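Read-outs: derived from the displayed coordinates by stated rules, not from any lab. All figures in this text were calculated on a predicted structure; none of them were measured in a lab. Positions of Cβ are backbone-derived with ideal geometry, glycine not excepted, and every protein chain shown enters the neighbour counts.
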Amino acid sequence: MTVVPSPVDSTWGQAGISETPKFLGRLMRRPVAIVCVGYVAALIAVAVVAPIAMPWVANQHAGDLLATRQGPSSHHLLGTDTLGRDVLERILVGTRVSLLGVGEALAVVLVLGVPFGLVAGYHGGWLDRIVTWLGDLTFSIPAIVMIMVVLAVFPESMLAGMCTLGVVAAPGLMRVVRAATLQVRDELYIGAARVSGLSHVQIIRRHVLSRIAGPIIVQASLLAALALLVQSYLAFLGLVVAAPAPSWGGMVADGVNALELQSWLIWPPGIVLAVTILAFGLLGDAARDATTERWSPTPSRSDTSRRRYRRKPVRPADDSDQQRRPSRRTRDETDRSTDTRGALLTVDGLTASFGTRAGRATVLADVSFAIDEGEAVGLVGESGCGKTATAMAILGLLPASGTVDSGKIIFDGRDLTSLSARGMGRIRGGEIALVSQEPMVGLNPAFRVGWQLAECVRRHLHLPRTEAKAAAIELLRLVRLPNPESVARRYPHELSGGMAQRVAIARALAGNPKLLIADEPTTALDVTVQAEILNLLRELRRDRQMALLLVTHDWGVVADVCDRALVMYAGEIVERARVERMFRAPLHPYTEALFASNPYLANHADELPMIPGAVPLPGMWPIGCHFHPRCRYAIDQCRTGAIALARPEPDHETRCTEYKRLAGAAR
Amino acid sequence: MTAVPAFARDRAQAHRNGGWELAFLSRRSVVGVVLRRVALAVPLLVAVSGLSFVLVSVTPGDAARQIVGVNASQATYLSVRKELGLNLPVYTQYWHWLTHAIHGDLGTSLLTGQAVGQTISSRLPVTIALVGVALLVSLVVGVALGVASAVRGGVLGRAIDAFALLGFAFPVFWVGAILIAVFAVKLRWFPASGYVPISESVGQWLSSFALPALALSLGGIAAMAKQTRESMLDVLGSEYIRMVRASGLAPSSIVLRHALKNAAAPVLTVLGVQAVGLLGGTILVENVFALPGLGSLVVSATLGHDLPVVEGVAVVFTLIVVAVNLAIDIGYTLLNPRIDTR
């Protein structure tokens, strides 16, 4: 429908670098590809055989004039045309000229596109610039108009027309080949091949060609679809394939002329055309998928976007769950009743999971904690422990595939897990606000800073436009940005990292939240800027009586800002205590290990001990204590059953049975 | 299967990355954009217009022989040849054509003897209207479908994918034929062919335009819907949309304001590619529906080897494409704030 000079998308070329044999193997494992290749092979066979088997068709001016425009019958399976000729016969014989046109165009594109693209990508320089420029140029030429010009000079020459298409489409292929070649060239082993004394020709033949075959096959399939479209256009317009020779496009034209009398005639040739174009196109798509297979580890995002607005209805924990750790649940239950009185936020038995290729993986297991009004709580752990997942679950913003499976999040007397999308919208920003790790990508790049702030103000404080604008500038002043009026007029890309984080904090404050969740608010910033931002958070918290949940892996930040600390490991809270107490005497081996590996807290100046091993991925948590494979205190008991939270001190809990040994070691 | 040229992808990529690391690439003012387009348009126009001169010079037989016929005397042939300036070297001929063309004189038709410029300008409004309506419909319907399917997902998303596939695979003339068969022949809602100027009757003009515009738009709608869906899904998964969600804005504002403005740039680029395609498509559609536009003119001229007309249409088409691309580039610059405003 859309004759574009070349439907050439270089993402296919760029992503798709693969080795031919493996690539063909991957391609032919796809059922779609097998069907398409089979169909095209059958067409080619028809194109060869049909004109030989039915030599009379090509020159048949008229068939049975007593039986014109007949519908399908046993005698004429697809009926007869306006001159009484058999439609099926004409379709079969017309296959040759259609495929011939495709072949001609494709040959020209490949002969021009591949060598020039290869050399441009491999050598770069002026040829490279010319190829790029030519590509730009030809994207703005309606190919069919160029073909018309050529056909006006070479009447009825399909060869001339299809070659013109090839020339117009070639720069597109050149660009794809160039991009793919560039990528291969930059890889190390080509460098190695050069060192080992292979000539350029040998390198191109041996290393480059084999790896860019994938993108070329993708492009060739799509260009075949385009060529068939254009061939059918020309045949339909009567510019190529002189009557009475049959062609698919020409047969549709015959059908259009007889539409008032018999509408059947447009269907058989049209369907054959569409199916064949589809086959080429789908083959190209399948080939593209095969080339990018290795680069797309994430499952399809197509059907997940909606879930972000929704939360899974809360259901009680599975029976099996309860049976597995009965002691722990009851124990935690009693704990909570004591330490969550008067709390602003109470997270109770929160369990959440993400969808992965292998099924659902639990990321948060029975997480419980509370934050009092105006209190600052640090949530500490390595990457992948579930800190951010906890924060996002509170806001109801788990990634697309994430769901809260059980547990409650009580905020100010309401259970957030059971709120409607609308109710949650009022909580977010208005009562619980978020500041993220990466201020630069957290602001919408397409809108001015002031506008973004004013929008939040209007949403939560219901101020009219002008007042909201003033309030936005006031917010920027509040986060100590110099020249707030000028900052408000800027776009996010015109801010430095520290400024962007201040703006992000200002936005978080727009709705006067009672709780601010700051997810690694200083990680992406320079050290000096970090201190400023922390100061700002501390002051804001003091001035506004705002509770703070600070997600971090930096003990310095915790010590600086927080009253209490929660330590998370592999989806579980493993220790919680007041900050000073935890620093003095950590009661969980993980906390102790974190302290030991912290450059500011460690005793040994020369050698910083690392925690051996890595945080296990969700879904691969070990049985028993999640930390035991990395724990130097682990005993057999740690490897068998779940460990409950113990409370050695009134305000200090640890998910470790061996904490006594630990405390002893610390003293 | 949507056709996205490399430059479009780069833009889309720059956008997706959040952009600052690539900011220097897109630091272009509106003036810069215009200059760049014009700089590209000149060689394009020379190439398109020069092509036929080169081709004519390498093929035997010429326009003079065509006019006078095979049986005319050599003297008549030579005098006509001289009259047409065909005895001059090809580059001189081209130079003559070019200098005249710049002044709006595209020569005379070999078939009708009318001035090419006049013939074209009388038929241009039909084609422009057809392309304009089809582009507008593609943009509005395509973007709406794309946004809806990105937000709703599920069945609608799969339907859009299937629709995009059909839009790609169905030749535009066949779609036109099907529309005639259903809406003109069977239901008799619209005329099967013919054209009523808008000056005569707005209602009849609309009715004569509905089917051609629909036939021409379907592919565009499909391509726009697919691109919108893809870039919306990209943007909706981004960090700044997560943060916008966290600040509790209404879903409608998140989708239609925050996400759509960011998703619009690649969509706009595809619109440019579509415009080129639609222009080619008018040639088919005008012939199916017998509309008196440039498309039907160029086909009859090609069949009659009327080179000056074919050439004139090719130049006008190229100019339209350049203009559309320019408009889209400017739109892109306006959408994307990451340009040097100082």
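Could you work out the equivalent-ellipsoid semi-axes for segment A:348-454, taking the square root of 5 times each eigenvalue of the Cα gyration tensor, largest first, in whole Å? Working shown, then result.
On the way: eigenvalues 114, 70, 47 Å².
For segment A:348-454, the ellipsoid semi-axes come out as 24, 19, 15 Å.
How big is the dipole moment of the protein assembly as shown about its Cα centre under a simple scheme where the beta carbon of each Lys and Arg is +1, that of each Asp and Glu is -1, and everything else is neutral? Debye, nearest 20, please.
On the way: 93 positive and 76 negative charges, 276 e Å.
Roughly 1320 debye, rounded to the nearest 20.
Put a dot 7 Å past each Cα toward the Cβ at B:Arg188 and A:Ser420; how far apart are the dots in nm?
If labels sit at A:Ser420 and B:Arg188, their model points lie 5.1 nm apart.
Return the distance in nm (one decimal) between the two label points of a simple spin-label model at A:Asp636 and A:Glu649, each offset 7 Å from Cα along Cα→Cβ.
Computed distance between label sites A:Asp636 and A:Glu649 equals 3.3 nm.
Counting other C-beta atoms within 10 Å, which of B:Val38, B:Val141, B:Val273 has the fewest, and how do the rest follow?
Values: B:Val38 11, B:Val141 17, B:Val273 25.
Starting with the residue having the fewest Cβ neighbours, the order is B:Val38, B:Val141, B:Val273.
What is the set of long-range amide H partners of A:Ala376 at a cut-off below 5 Å, with H atoms built 1.01 Å from backbone N?
It is A:Leu548, A:Asp563, A:Arg564, by chain and number.
Mind listing the phi-derived Karplus ³J(HN,Hα) values for segment A:613-620, rounded to whole Hz, using 6.51, -1.76 and 1.60 with θ = phi - 60°, and x for any glycine or proline?
x, 9, 4, x, 6, x, x, 10
Once you place label points 7 Å from the Cα toward the Cβ at B:Val34 and B:Ile330, how far apart are they in nm?
A separation of 0.7 nm, rounded to one decimal place.
So if we plug the beta-carbon distance of A:Thr466 and A:Thr528 into 1/(1 + (r/R0)^6) with R0 = 41 Å, what FRET efficiency do we get, rounded to 0.05? Show your work: numbers first, answer last.
Working: r = 37 Å, r/R0 = 0.89.
Plugging the Cβ-Cβ distance into 1/(1 + (r/R0)^6) gives 0.65.
Give me the tail of P(r) for chain A as a percent: Cα-Cα pairs with distance above 32 Å. Don't jump to the answer; show the numbers that get you there.
On the way: 145733 of 222111 pairs.
Looking at chain A, the distances longer than 32 Å represent 66 percent of pairs.
Enumerate the whole-percent occupancy of each 10 Å bin, from 0 to the last occupied one, for all C-alpha pair distances of segment B:120-303.
10, 32, 29, 18, 9, 2, 0
About its Cα centre, how strong a charge dipole does segment B:242-342 have in debye, to the nearest 20, once Lys and Arg get +1 and Asp and Glu get -1 at the Cβ? Can you show the working numbers first?
Working: 6 positive and 5 negative charges, 189 e Å.
So the dipole magnitude of segment B:242-342 works out to roughly 900 debye.
Can you classify chain B as rounded, prolate or oblate using the Cα gyration tensor, where a ≥ b ≥ c are the square roots of its eigenvalues, rounded means a/c under 1.5, and otherwise it's prolate if a/b beats b/c and oblate if not? Could you put the intermediate results ahead of the total?
Numbers: a/c = 2.93, a/b = 1.64, b/c = 1.79.
Oblate shape, in that a/c is at least 1.5 and b/c is the bigger or equal ratio.
Would you please give the FRET efficiency between B:Ala47 and A:His123, computed as 1/(1 + (r/R0)^6) with r the Cβ-Cβ distance and R0 = 22 Å, to the nearest 0.05?
On the way: r = 25 Å, r/R0 = 1.14.
The value I calculate is 0.30.
Could you run the Karplus curve 6.51 cos²θ - 1.76 cosθ + 1.60 with θ = phi - 60° over segment B:115-129 and give me ³J(HN,Hα) per residue in whole Hz, x for Gly and Pro?
Residue by residue, segment B:115-129 yields 5, 4, x, 5, 4, 5, 5, 6, 9, 4, x, 4, 5, 4, 4 Hz.
In nm, what is the difference between 0.36 nm times the number of residues separating B:Ala250 and B:Val54 and their Cα-Cα distance? Before the final figure, lay out the partial values.
Values: separation 196, 0.36 × 196 = 70.56 nm, distance 6.12 nm.
Length gained between B:Ala250 and B:Val54: 64.4 nm.
Using helices alone, what [θ] at 222 nm do you get for chain B, with -39,500 (n - 2.57) per DSSP H run of 4 or more residues, divided over all residues and rounded to the nearest 500? Don't jump to the answer; show the numbers that get you there.
Numbers: 13 runs with 242 residues, N = 342.
After summing the helix terms and dividing by the residues of chain B, the value is -24000 deg cm²/dmol.
Could you compute the longest span of chain A free of chymotrypsin sites (Phe, Trp or Tyr not before Pro) located in DSSP loops and having at most 16 other Cβ atoms within 10 Å, not counting the site residues? Mind dumping the intermediate values first?
Values: sites that count: A:Trp56, A:Tyr600.
Here the longest segment lacking exposed loop sites spans A:57-599.
Expected output is a single nm value to one decimal: the length gained when fully extending between B:Thr76 and B:Ser207, i.e. 0.36 nm times separation in residues minus the C-alpha distance. What is it?
Numbers: separation 131, 0.36 × 131 = 47.16 nm, distance 4.98 nm.
Result: 42.2 nm gained on full extension.
Counting Lys and Arg as +1 and Asp and Glu as -1, what is the net charge of the other residues whose Cβ lies under 15 Å from the Cβ of B:Gly142?
0
If you keep only loop residues by DSSP, which chymotrypsin sites (Phe, Trp or Tyr not before Pro) in segment B:116-199 have at most 12 other Cβ atoms within 10 Å of their Cβ? Walk me through the intermediate numbers first.
Numbers: sites: B:Phe163, B:Phe168, B:Phe173, B:Trp174, B:Phe183, B:Trp189, B:Tyr195; in loops: B:Trp189, B:Tyr195.
Counting only loop positions with at most 12 other Cβ atoms within 10 Å, the chymotrypsin sites (Phe, Trp or Tyr not before Pro) in segment B:116-199 are B:Trp189.
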